[in-house]
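The block underneath contains the structure these notes are about, expressed in structure tokens.
Where a number appears in this text, it was derived from the coordinates with a stated rule and is not lab data. Please read all numbers here as calculations on a predicted model, not as lab measurements. Ideal geometry is used to build each Cβ from the backbone, glycine not excepted, and the neighbour counts take in all protein chains shown.
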Amino acid sequence: MYTKLSIHLIFVVLVHNATALQVCGADQRQISAAELADKIKGGLVGQILGNLNGLPHEMKYIAEPGSVADYTPALPEGARTDDDTDLEWLYVCEIQKTRQPLTPPQRIVQLWQNHVNEGIWCANRYARDLMDLGFEPPWTGRVALNPWAEFNLSGQFLCESFGLMSPGLPQTASRLGVHHTQVAVDQEPLQTTQFFATIIACAFFESDLDTLLDLGLQAVDADSRTAAVVRQARLICQQHPSDWRAARQAFKDQWQIHNGGVRDWNGYELNTACTIAALYYGQGNLRDTLQLAFNLGWDCDNNAATAATIIGVLKGNRWIEAQQWNIKDRYRNTTRRGMPTEETISTFSARIVACAELILLQHGGTLLEIDGVPSYHIPAEPPRNILPLAAPELRKAELLQLLSANEKQNLTGAETERARIAYLAICLGQSQRLAVEYPAAWAAALGSLRKQTAVLKNIQEAPLPSGEAIQQAFATSGLN
């Protein structure tokens, strides 16, 4: 999974008549460099509008839909960092700098420890604190170790940039997306990563929203709950073609079933359905799509950001600028210490363009000059599910292997190593065995873990129902 992509740079100069954006036969597509940059920036501006314009409405509309009316997209003070964009910004900067699209796990840990210490919640907060125990991705996002990982919507709101940097390459978008979102999520949320990253990658060459949803579904494990949610959400929208409120009520009846717990507002089911509904009822209108996403409710800033990324790619930034909305070209860094402080939306977008150029050429694309216009020929890449759901027993076997590697040495190692092995053993139900086999070392390991107050606080606040098992396991081991 972590192998480096080989660099394949081909520069060819051809001169013939061609449009800026077209399909070139069954196995190749073409887009001008200018059109590529315009669509990428359109997607990013849409994402930022959805995120920051949606924040005032986040978690406000749970029992009933919102009533936002006469909304006009705007960023009069410019944009600022928020977890819906700034974790992707971190990776975009790294990929641009290193020219390595799949950031190595140990480097991800370094980046997070250096820059991601505030402005994160839920699955990402939990993953960040596991890093201080010495865990690397993908372990930080495994369900057995991170109780948010099975349902948190981090898989969708951290995937957009990987679709933007993979125009026409949906499998590549999925691969880049899951590589980076599995830092904090697993299983079903990784299916949502592939669904939305694929749609964004395909939106560079396909404009019909219904077709885009079909393409996205091809990237999802057909037997997954995510696939069922997508199919059901689309069916509900079709049953209520002019009544989004009725569709929302059906969503609520179908998926808000956790007695008001965190999964009833932070889970992938409801929020995937709402993103689909915003696209369906918005009918390609960016303003309407955003307003609908806000009113559909729940974790609506994330849903608005994802839906608006798709529409932003379809419309392009030139169209957005023509609307004369008040959008200041600024991206203030308020959360990621050590990252650039003089960023703008334009420079952020330019970074994604640089990543896209790198990825296109690495994947067999060619840079052409057509009538003096630089353009890319991109080999066709159909959507495909590149990471199916894993069998639970396989996931457990992987973690048991991680535990058994140098088990005794880690129990008697440095304090962080002892704390890590204790955490892993408790989560896997191996604490009693280790207490019998290595009583003194196990007691010391528990003592080391007891000092990890951030991790223990996360366990105490772990969401139901998935958090109950880990809370019980830690209580049984004497760590309440």
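If you take every DSSP beta bridge fully contained in the chain, what fraction is antiparallel? Give it as a percent rounded to 5. Write down the numbers at each step before the final one.
On the way: 14 of 19 bridges.
The antiparallel proportion sits near 75 percent.
Let me check I've understood the local charge: for G364, count other residues with C-beta under 11 angstrom from its C-beta, Lys and Arg +1, Asp and Glu -1. What total comes out? Don't jump to the answer; show the numbers that get you there.
Working: positive: none; negative: D27, E381.
Around G364, the surrounding residues sum to -2.
Please get the size of the charge dipole for the chain, origin at its Cα centre, with Cβ charges of +1 on Lys and Arg and -1 on Asp and Glu, quoted in debye to the nearest 20.
Values: 39 positive and 50 negative charges, 176 e Å.
Magnitude of the dipole: close to 840 debye.
Give me the extension gain from I257 to Y438: residue separation times 0.36 nm, minus the current Cα-Cα distance, reported in nm with one decimal. Before the final figure, lay out each step's value.
Working: separation 181, 0.36 × 181 = 65.16 nm, distance 4.37 nm.
Between I257 and Y438, full extension yields 60.8 nm more.
Just grab the label-to-label distance for E461 and E415, each label 7 Å out from Cα along the Cβ direction, in nm (one decimal).
Reported label-point gap for E461 and E415 is 2.3 nm.
Can you give me the orientation-averaged projected area of the convex hull built on the Cα atoms of the stretch 343-480, in nm²? Let's see the in-between values first.
Numbers: hull surface 57.1 nm².
Across all orientations, the stretch 343-480 yields a mean hull projection of 14.3 nm².
Take peptides 441-453, 281-293 and line them up by average Cβ neighbours within 10 Å, highest first, as a rough protection proxy. Provide the component values of the computation, followed by the final result.
Values: 441-453: 17.8, 281-293: 21.3.
Order by mean packing, descending: 281-293, 441-453.
What is the sum of charges around Q471, taking Lys and Arg as +1, Asp and Glu as -1, for the other residues whose C-beta is under 13 Å from the C-beta of Q471? Working shown, then result.
Details: positive: K457; negative: E461, E468.
Cβ neighbours under 13 Å give a net charge of -1.
Taking θ as phi - 60°, what are the ³J(HN,Hα) couplings along the stretch 334-351 by the Karplus curve (6.51, -1.76, 1.60), each to the nearest whole Hz, with x for Gly and Pro?
10, 10, 10, 4, x, 8, x, 9, 10, 7, 10, 4, 5, 6, 4, 4, 4, 5
Taking Cα atoms, how many degrees apart are the long axis of helix 392-404 and the longest axis of the chain, rounded to 10 and kept between 0 and 90?
60
Of D301, D214, how do they rank once you tally other Cβ atoms within 10 Å and put the fewest first?
D214, D301
Mind listing the phi-derived Karplus ³J(HN,Hα) values for the stretch 289-296, rounded to whole Hz, using 6.51, -1.76 and 1.60 with θ = phi - 60°, and x for any glycine or proline?
4, 5, 4, 5, 4, 4, 6, 5
Sorting E35, E88 on the 10 Å Cβ count, fewest up front, what's the list?
Details: E35 20, E88 25.
Ascending Cβ contact count within 10 Å gives the list E35, E88.
I want to check the label-to-label distance for N285 and N117. Put each point 7 Å from Cα in the C-beta direction and report it in nm to one decimal.
A separation of 4.7 nm, rounded to one decimal place.
Under a 5 Å amide H to amide H cut-off, with H placed in plane at 1.01 Å, what residues pair with E369 once short-range neighbours are removed?
Under 5 Å from the amide H of E369: L14, S375.
Per residue Cα convex hull volume for the stretch 127-220, in cubic angstrom? Before the final figure, lay out the partial values.
Working: hull volume 7.1 nm³, N = 94.
Output value, Cα hull per residue: 76 Å³.
Under the definition of Cα pairs under 8 Å and six or more residues apart, what whole-number percent is the relative contact order of the stretch 392-476? Display every interim value, and only then the final one.
Working: 63 pairs, mean separation 22.9, N = 85.
The value is 27 percent.
Given H placed on each backbone N at 1.01 Å, which residues far from I327 in sequence or on other chains put an amide H within less than 5 Å of it?
Hits under the 5 Å cutoff: L75.
If neighbour count is taken as other Cβ atoms inside 10 Å, put Y126, Y71 in order from fewest to most. Walk me through the numbers on the way to the answer.
On the way: Y126 26, Y71 15.
So the residues, fewest neighbours to most, are Y71, Y126.
Which one of L217, A305, W244 has its Cα pushed farthest toward the positive end of the charge dipole of the stretch 200-326, where Lys and Arg give +1 and Asp and Glu give -1 at the Cβ?
W244
HN-Hα J couplings of the stretch 173-188 from phi, Karplus 6.51/-1.76/1.60, θ = phi - 60°, integer Hz, Gly and Pro as x?
4, 5, 5, 5, x, 5, 4, 9, 7, 6, 4, 10, 9, 8, 6, 4
Any idea what % of Cα-Cα pairs in the stretch 415-480 are farther than 16 Å?
Values: 848 of 2145 pairs.
Cα-Cα pairs of the stretch 415-480 separated by over 16 Å account for 40 percent.
What distance in nm separates the two pseudo spin-label positions at Q472 and K451, each 7 Å out from Cα along the beta-carbon direction?
Between Q472 and K451, the simple spin-label model gives 3.2 nm.
For the stretch 327-414, just say rounded, prolate or oblate: build the C-alpha gyration tensor, square-root its eigenvalues into a ≥ b ≥ c, call rounded for a/c under 1.5, and beyond that prolate if a/b exceeds b/c, oblate if not.
On the way: a/c = 3.14, a/b = 1.57, b/c = 2.00.
Verdict is oblate for the stretch 327-414.
Nearest 20 debye, what's the magnitude of the dipole of the stretch 392-476 about its Cα centre given +1 on Lys and Arg Cβ and -1 on Asp and Glu Cβ? Working shown, then result.
On the way: 9 positive and 8 negative charges, 32 e Å.
For this selection, approximately 160 debye.
At q = 0.12, 0.16, 0.19, 0.22 Å⁻¹, what base-10 log of I(q)/I(0) does the Debye formula yield for the stretch 65-196 when every alpha carbon is treated as an equal point scatterer in vacuo?
Per q value, in the given order, log10 I(q)/I(0) is -0.47, -0.80, -1.06, -1.33.
Using r as the Cβ-Cβ distance of Q238 and T98, and R0 as 60 Å, what FRET efficiency do you calculate, to the nearest 0.05?
Efficiency computed from Cβ-Cβ geometry: 0.85.
Please list, in chain and number order, the residues 5+ apart from Q28 or on another chain whose amide H is under 5 Å from its amide H, with Hs placed from the backbone.
Under 5 Å from the amide H of Q28 lie the amide H atoms of A380, each far enough along the sequence or on another chain.
Given a cut-off of 29 Å, what percent of all Cα-Cα pairs of the chain lie beyond it? Could the numbers behind the result be given before it?
Values: 55889 of 114960 pairs.
I get 49 percent for the Cα pairs in the chain exceeding 29 Å.
Could you please report the charge total around T335, scoring K, R as +1 and D, E as -1 over all other residues with beta-carbon less than 10 angstrom from its beta-carbon?
Numbers: positive: R80, R332, R336, R337; negative: D82, D83, D86, E118.
That works out to 0.
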